[in-house]
Every structure is written in C-alpha cells, then in structure tokens.
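K.L.:
I'd like to ask you about the structure that follows.
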C-alpha cells in the first residue's frame, strides 16, 4: 500500500485476453493505493482474504487521514497467481464493501499494464506492506 498525494494511471497494454477493450486514464489526489496480489492459496478461502484486505486498507487509510482508496491488481510481478475470475471478483467485492463503509473507492482497469504517475510523501505510514 502506498499513500499518495497524487496517483494517476493510463491503460497501456492489455495482458488478459478476456478483458474488455479499454482506453482509460484517471488522476486521484490524497488517496491510498492498494497494490494487490492474489495467490493460488488464497482461492481456498477468498472471503477471509477479502475481509483481511478490507481491514488493512481501512486501517492504512485512517493512518493517512484519507477516505479514498484505489484497488490495483499487481499480479503480473509474481510467480503464482490466482485465477483471474477469482481475483476480479475479490476486487469487485472489496470495492463494494469499501463504498458501503463510506470510502470513495476506485479500481484500476483489470487485465492491463498501466502507465503510472505516483507522487508520494516521505513520512511514516505512507508505504506499507502486509501479507495476509
């Protein structure tokens, strides 16, 4: 997770054949970005992983005094990945739950490599790692 003063993205290369064709860009300010990777072992109990994910994102958002969260799938850098359908469903459920809890929530386009523009301050709690 990285708290950012500014997080921007633009779709670059589609890397999942089943993904919709999207040409999208967005910039969000004062936002916590969750770089999220779902592993094959997480498919055994996705509801538990989802709950832990939500708790960690809410905690980090509170620590950084923001109510905005971006969910960004970051699976392309790992050796083992959950099935795309499982990952997308978990991200969609997390987005819905965060919105229902009063967070302004965004999700980057799933199945794409993105051009990223990140401006992050250098203070405590802006860069956090949590394995769940």
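K.L.:
Going by average Cβ neighbours within 10 Å, how do the peptides 21-29, 4-12 rank, with the highest at the top?
P.N.:
Details: 21-29: 11.4, 4-12: 17.3.
My ranking of the peptides, most packed first, is 4-12, 21-29.
K.L.:
With viscosity set to 0.890 mPa s and temperature to 25 °C, compute the Stokes-Einstein D of the chain, Rh being the Kirkwood radius across alpha carbon pairs; µm²/s, no decimals. Can you show the working numbers first?
P.N.:
On the way: Rh = 15.0 Å.
Answer from the Stokes-Einstein relation: 163 µm²/s.
K.L.:
How big is the Kirkwood radius of segment 55-117, worked out from every pair of different alpha carbons and given in Å to one decimal?
P.N.:
With all distinct Cα pairs of segment 55-117 included, I get 12.8 Å.
K.L.:
Which order results if 68, 119 are arranged by neighbouring Cβ count within 10 Å, fewest first?
P.N.:
Numbers: 68 20, 119 10.
Lowest to highest Cβ neighbour count: 119, 68.
K.L.:
For 67, 42, what ranking results if the residue with the fewest other Cβ atoms within 10 Å of its Cβ goes first?
P.N.:
Details: 67 16, 42 21.
Placing the least packed residue first, the sequence is 67, 42.
K.L.:
So, one more: Between segment 22-52 and segment 104-119, what is the C-alpha centre distance in whole Å?
P.N.:
Answer, in whole Å: 11.
K.L.:
Taking neighbour counts of Cβ atoms within 10 Å as a proxy for exposure, in what order, fewest first, do 51, 87 appear? Could the numbers behind the result be given before it?
P.N.:
On the way: 51 15, 87 23.
So the residues, fewest neighbours to most, are 51, 87.
K.L.:
For the chain, what does the relative contact order come out to in percent, with C-alpha contacts under 8 Å and a separation of six or more? Intermediate values should be presented prior to the final figure.
P.N.:
Working: 231 pairs, mean separation 55.0, N = 132.
Relative contact order here is 42 percent.
K.L.:
Express as a percent, rounded to the nearest 5, the fraction of DSSP beta bridges in the chain (both residues included) that run antiparallel. Numbers along the way, then the final one.
P.N.:
Values: 17 of 26 bridges.
If I count the DSSP bridges inside the chain, around 65 percent turn out antiparallel.
Each reported figure results from applying straightforward, stated rules to the coordinates on display, with no laboratory input. On a predicted model such as this, the values are computed, not experimentally measured, just so you know. Don't worry about glycine lacking a Cβ; one is built from the backbone with ideal geometry, like all the others, and counts go over all protein chains shown.
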